[in-house]
Amino acid sequence: TTDVRVNMVTPELFRRFPDPRALADAPQEEVEEIVRSTGFFRNKARNIIAFADALVEEHGGEIPRSMDVLAKMPGVGRKTANVILGNAFGINEGVVVDTHVKRLARLLGLTRETSPEKVERDLMPLFPREDWTMLSHLLIWHGRRVCDARKPACERCAVSHLCPSSRV
């Protein structure tokens with residue numbers, strides 16, 4: 001689902017369930033109702049509740065600061081773990097690869113890969129580790145505002161002279 005949609009549902013989720021214990025104890029149907037508009041709502045609700053439960057039972061309600069631990073938690077994969085580590089804790093363990101990052105990395109000739117894990121592996125040695133979190137934000141912003149998938153604005157692109165896919 002989109003960030004816009006997530007940002008629409010999370011205020012209500014956190015209003016009704018203000019801490020991990022409340023969310024761990026939440027009725028599945030109530031969480032489903034809140035996240036319904038995000039798609040795959042039953043699975044998401046199940047993972048949200050299971051994540052909160054694991055957070056409380058295994059981590060004392062504190063978010064782990066380790067890729068290995070986070071990635072084993074319900075509903076969390078490498079992308080989500082990278083988002084949490086980079087944005088919440090300033091830990092650059094990897095590069096967040098969403099659809100924008102994957103698309104732009106390919107257009108810019110930084111990778112030929114299609115799987116997020118392989119795209120991430122190709123990007124990491126190209127940029128300083130301390131910039132990995134910001135790199136994802138910049139590519140996502142660029143993909144939304146300039147290099148739109150359907151109508152790229154190459155004439156406004158600050159890196160069009162470096163881009164093998166540029167139309168200018």
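The values are calculated or read from the model by the stated rules, or taken from the named source; none is laboratory data. All of these numbers come straight from a predicted model, not from anything done at the bench. Here the Cβ is made from the backbone with ideal geometry for all residues, glycine too, and neighbour counts use every protein chain on show. Keep in mind that these areas ignore ligands, DNA and RNA; they rest on the heavy atoms of the full protein, side chains included. Shrake-Rupley method; radii C 1.70, N 1.55, O 1.52, S 1.80 Å.
For the chain, the equivalent ellipsoid derived from the Cα gyration tensor has semi-axes of 34, 19, 12 Å, listed largest first. Hydrophobic long helices, here whole DSSP H runs in the chain with Kyte-Doolittle means of at least -0.5 and Cα atoms spread over 18 Å or more along the helix axis, are found at 3-16, 41-59, 132-145. Local charge sum around SER136 (other residues, Cβ-Cβ under 10 Å, Lys/Arg +1, Asp/Glu -1)? Charge balance in the 10 Å sphere: -2. Working from the Cα coordinates of segment 16-63, the gyration tensor eigenvalues give, after taking √(5λ), semi-axes of 20, 10, 8 Å in decreasing order.
Calculate how large, on average over all directions, the projected area of the Cα convex hull of segment 48-139 is; give the answer in nm² to one decimal. Mind showing how you got there, number by number?
Numbers: hull surface 23.1 nm².
Mean projected area for segment 48-139: 5.8 nm², to one decimal.
A probe of 1.4 angstrom, applied to the heavy atoms of all protein chains, finds THR2 with accessible area near 80 square angstrom.
Highest-first packing order for the peptide set 25-32, 156-163, 98-105 is 98-105, 25-32, 156-163, based on the mean count of other beta carbon atoms within 10 Å. Label-to-label distance, ARG129 versus ARG21, with points set 7 angstrom from Cα along the beta-carbon direction: 3.8 nm. Straight-distance candidates among the lysines for linking to LYS72, with alpha-carbon spacing under 22 Å and chain neighbours fewer than 8 residues away dropped: LYS44, LYS118.
ILE34: net charge of surrounding residues, Cβ under 14 Å, Lys/Arg +1, Asp/Glu -1, itself excluded?
On the way: positive: ARG5, ARG15, ARG16, ARG36, ARG42, LYS44, ARG46; negative: GLU12, GLU29, GLU30, GLU32, GLU33.
In short, +2.
Over segment 1-86, the hull volume per residue, using the convex hull of the C-alpha atoms, is 89 Å³.
When only Cα pairs under 8 Å and 6 or more residues apart are kept, what is the percent relative contact order across the chain?
Worked out over the chain, it gives 14 percent.
In terms of overall dimensions, segment 90-162 has a Cα radius of gyration and Dmax of 11.8, 35 angstrom.
The ellipsoid equivalent to the alpha-carbon distribution of segment 39-93 has semi-axes of 19, 14, 8 angstrom, derived from the gyration tensor eigenvalues as √(5λ) and listed largest first.
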